[in-house]
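The values are calculated or read from the model by the stated rules, or taken from the named source; none is laboratory data. Please read these numbers as outputs of a predicted model, since none were measured by experiment. Here Cβ is always computed from backbone atoms with ideal geometry, including for glycine, and neighbour counts include all displayed protein chains. Protein only, heavy atoms only, side chains kept; ligands, DNA and RNA dropped before computing areas. Shrake-Rupley method; radii C 1.70, N 1.55, O 1.52, S 1.80 Å.
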Amino acid sequence: MEFAWSKDDQEFRKDLVAFLESELPDDWQEISREGPGSDAQAEFSLGFCAALAERGWLTPHWPTEYGGNAAPSWSHAVLGEELWSRGEPRGPQYMNVNWIGPTIMEHGSDEQKALHLPAISEGRVLWCQGFSEPEAGSDLVALRTSAIADGDDYIINGSKIWTSYANHADYCFLLVRSDPESSRHHGLSVILLPMDSEGIEIREIPSVVGKRYFHELFFTDVRVPRSCLLGEEGEGWKVVSYSLQYERVGAPRYARATVTLDRLAELARQKGLLDDPTVAEKLGRARAACEAARVLSYRVIDQRAHGLPPSADTNVARIAGTRVDKLVGDLALELTGSSGLEAGTFANANFKLAMTAGVAVGATEVQLNLVASRMLGLPRE
Amino acid sequence: MDFELNPEQGALLDAAETLLSRSAGTARAEQLVALYDAGEQSADGYDHDLERALNDAGFTGVALVDGMGPLEATLLTSAVARQAGCVSFGANAIVAAQLLGRTIDGPVALADTALPGPVRFAAQAVCLLVADGEQLRIIEAPATDLVDVDSNFGYPMATLPAELLAAGDIVEGVSAHRMRALWQLAASAEAVGCMQAALSFTIEYLKNRRQFGRSIASFQAVQHRLANCAVMVESARWLCAETAAHNAPAEAAAATATHTMEAATLLFDDTHQLSGAIGFTTEHALHHWTMRLQTLKLELGGAGAHALSLARLRWTDAEG
Ligand SMILES: Cc1cc2nc3c(=O)[nH]c(=O)nc-3n(C[C@H](O)[C@H](O)[C@H](O)COP(=O)(O)OP(=O)(O)OC[C@H]3O[C@@H](n4cnc5c(N)ncnc54)[C@H](O)[C@@H]3O)c2cc1C
């Protein structure tokens, strides 16, 4: 065992921080104020990611043939920490580099790799994730949106819901049922759907957590060429399982929570509250939880670095990460009082982010079920 | 001891619920927000019509009617909250009624000079009751040029300038501590109503929401969470009633507020978590009650401050 950052990773972090300090504009907080789905943030992410890409920092852990530097997985963790803790200036593009690109690398045709991977590693494309449906949330494999082969094409019908970033996306990573007779995990396929295809309608679902958070997508006879199919027809579940392992640990929530907590402590100090034992105790407990989430996250990255197969440790890390988000989000309101109820304030933004943490990317209860069955070997209910 | 409603209380609640089902409810709350967001003239996010209806029917002044008191006002405060009424009913029917011996014809806002930050209904209020250290101040017909902050936690709220707070008349013979105790009761009663409604709404939703070929409410892990919520709501509800029946003694009010605001944390977290993504949308009614819980939780410094005041009242003899 070894719990230190390598020299290379330390160098990388130093360079990255210097870059972020000079490159992230002073009004970045203002740009990100309306949340990750806003026009301002989507536009900003394109310029920002291109600048990252220029330095090879958008996809450093990717193989060189796909626009990476073949850097170890740890450099990706450094990136995730530094960017997520600054409010994720990559916007939706963190999904591209975390799991969409890697899935295309693993399951894509040469043509798909050539089309999508450079665009992702150069930071010039926005994706959204079309998995959930009104009747298929936690039970994802209940999905019904269909893509039926028709000559050289597929014809897509159905709807998706909760789709973040759909309003700006160029492509949708779409999970469909390609065999209408199939059920559950069988007969699913993944379509890399160009969002400018005819027959797609997008509706925003208004929310209490921010503007443009959720969308509903409707597909009416959307026709796409067979070349949009990722992997084998009917093997969609295998493809998506691969994606989910990357997605679930994707966002280092602990990194943002840690930075937020430091800011809250500073705020408490300014108000003369840091000597108040009730305040200090809460901060201390939250800090410890952040550290726990961090070390669990590192554990998963390390498994990946060793080329080990995905395990329930991913779910463990994910659960710990959402917990600290919640803990720190609540603490932010508690310490700022009713000022934190005002939209756009630091406390408000963190509280709202934390509100959805236990549901986005799969409900905590479902993650707990996976820990119970895969890690503890418990029987099903 | 008698935990059952007497016939007069039963009739009172029935009548109030009839009025509320007509004049309040989540559809009405949604409409108020929509008009307010659209910048509609005269729409200030406050339900003046509902308030008038409650006044005219005699509900606001119920605590001052012979044979009735703060308990009835408290039960009604919860009823208004269950129907997501956006009015300062508790501040008026409980706090103003007990402090001033009269109710106010219009919105009432409660503030504490030690707690800066936006205050519910500050811009709409025709009467401000302000705890200023040991003293209680009253400001009637305050300056009307306050602007609400941009917020979506269920109530219009605005920040009160310090000069305005200091300008009020001191109410002689009534201490700020008494006002804080009544405020703790009023906020708790409102939170109880929000929690009851949020919980039953969530239970109904989960009974009907099917995943994995069964109702989500049929999972034992989910049932335990909901049952735990019910335990907290029931304890808050009965603490509120008992405290109200005794006219909000300081220690009981602090205990009620401490426990109720802890319950509010659990109810907010679990009803949202168990509802999934739909619970965060404004197309699902849950937020009408839960977002308000966050506002109520922060009043008077929140559960932590309530607990500290309770400990002081109980074990040292300070004024809370
Ligand atoms: C902020 C946010 C962004 C999202 N972005 C996207 C996106 O871009 N693309 C996309 O496809 N989807 C997206 N989603 C959807 C997300 O994946 C789903 O919300 C999630 O999988 C849960 O599904 P559901 O909301 O339908 O909840 P349901 O499946 O209805 O479940 C409701 C609740 O029931 C409980 N529950 C469910 N099953 C069990 C069980 N077996 N045991 C115990 N309890 C259980 C859980 O508490 C759960 O939260 C997003 C969601 C959020 C909140």
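A few comments on the model shown:
- Ranked by the mean number of other Cβ atoms within 10 Å of their residues, highest first, the peptides A:230-239, A:276-285 fall in the order A:230-239, A:276-285.
- The calculated pair-distance distribution of region A:129-234 uses every alpha carbon pair, bins of 5 angstrom beginning at 0, and gives 2, 14, 25, 26, 18, 10, 4, 2, 0 percent.
- Volume per residue of the convex hull around the Cα atoms, evaluated for chain B, comes out as 137 Å³.
- Judged by the mean number of other Cβ atoms found within 10 Å, the most tightly packed of the peptides A:116-125, B:90-99 leads the ranking B:90-99, A:116-125.
- Compactness index (Cα Rg / 2.2 N^0.38 Å), the protein assembly as shown: 1.03
- Since only B:Ser235, B:Ala123, B:Tyr46 are under comparison, the one whose Cα sits farthest along the positive direction of the charge dipole of chain B, derived from C-beta charges on Lys, Arg, Asp and Glu, is B:Ser235.
- For the protein assembly as shown, the residue among B:Phe89, A:Ala312, A:Val359 whose Cα projects farthest onto the positive side of the dipole built from Cβ charges is A:Ala312.
- Per-residue mean of C-beta atoms belonging to partner chains within 10 Å, peptide A:204-211: 5
- Legend: P(r) of region A:282-381 from all alpha carbon pair distances, 5 Å bins from 0, whole percents, reading 2, 13, 18, 18, 18, 13, 9, 5, 3, 1.
- Over region B:178-319, volume per residue of the alpha carbon convex hull, in Å³: 97 Å³
- Average beta-carbon neighbours from other chains, 10 Å sphere, peptide B:277-288: 5
- What you get for region B:178-319, charging only the Cβ of Lys and Arg (+1) and of Asp and Glu (-1), is a dipole of about 360 debye around the Cα centre.
- Region B:134-182 - Rg and Dmax from Cα coordinates, angstrom: 13.2, 38
- Heavy-atom accessible area per residue - the protein assembly as shown, 1.4 Å, Å²: 42 Å²
- When the Cα gyration tensor is reduced to axis lengths a ≥ b ≥ c, the ratio a/c is 1.5 or higher for region A:205-341, and with a/b not above b/c it is classed as oblate.
- All other residues whose Cβ lies under 12 angstrom from that of A:Gly231 are scored, Lys and Arg at +1 and Asp and Glu at -1, for a net of -3.
- Mean residue ellipticity (222 nm) of the protein assembly as shown, computed from DSSP H runs ≥ 4 via -39,500 (n - 2.57), nearest 500: -16000 deg cm²/dmol
- At q = 0.06, 0.09, 0.10 Å⁻¹, base-10 log of I(q)/I(0) for chain A (Debye sum, equal scatterers on each alpha carbon): -0.23, -0.53, -0.66
- Taking only protein heavy atoms and a 1.4 Å probe, the accessible area of region A:248-374 is 57% carbon and sulfur.
- Charge dipole magnitude, Cβ of K and R +1, D and E -1 - region A:248-374, Cα centre, debye nearest 20: 400 debye
- Alpha carbon centroid spacing (whole Å) that separates region A:235-292 from region A:157-203: 32 Å
- Cβ-based charge dipole, region A:88-218, positive-most Cα from A:Asn157, A:Ala147, A:Val209: A:Val209
- Residue by residue along A:141-148, Cβ atoms of other protein chains within 10 Å of the local Cβ number 1 on average.
- Most tightly packed first, judged by the mean number of other beta-carbon atoms within 10 Å of their residues, the peptides B:180-192, B:300-312 read B:180-192, B:300-312.
- Within the assembled protein chains, the solvent-accessible surface assigned to B:Lys207 is about 110 Å², based on a 1.4 Å probe.
- Point-charge dipole on Cβ atoms (K/R +1, D/E -1) for region A:257-318, about Cα centre, debye to 20: 160 debye
- Relative frequency of Cα-Cα separations exceeding 19 Å in region A:7-125, percent: 44 percent
- For the pair A and B, total buried accessible area rounded to nearest 100 Å², probe 1.4 Å: 3000 Å²
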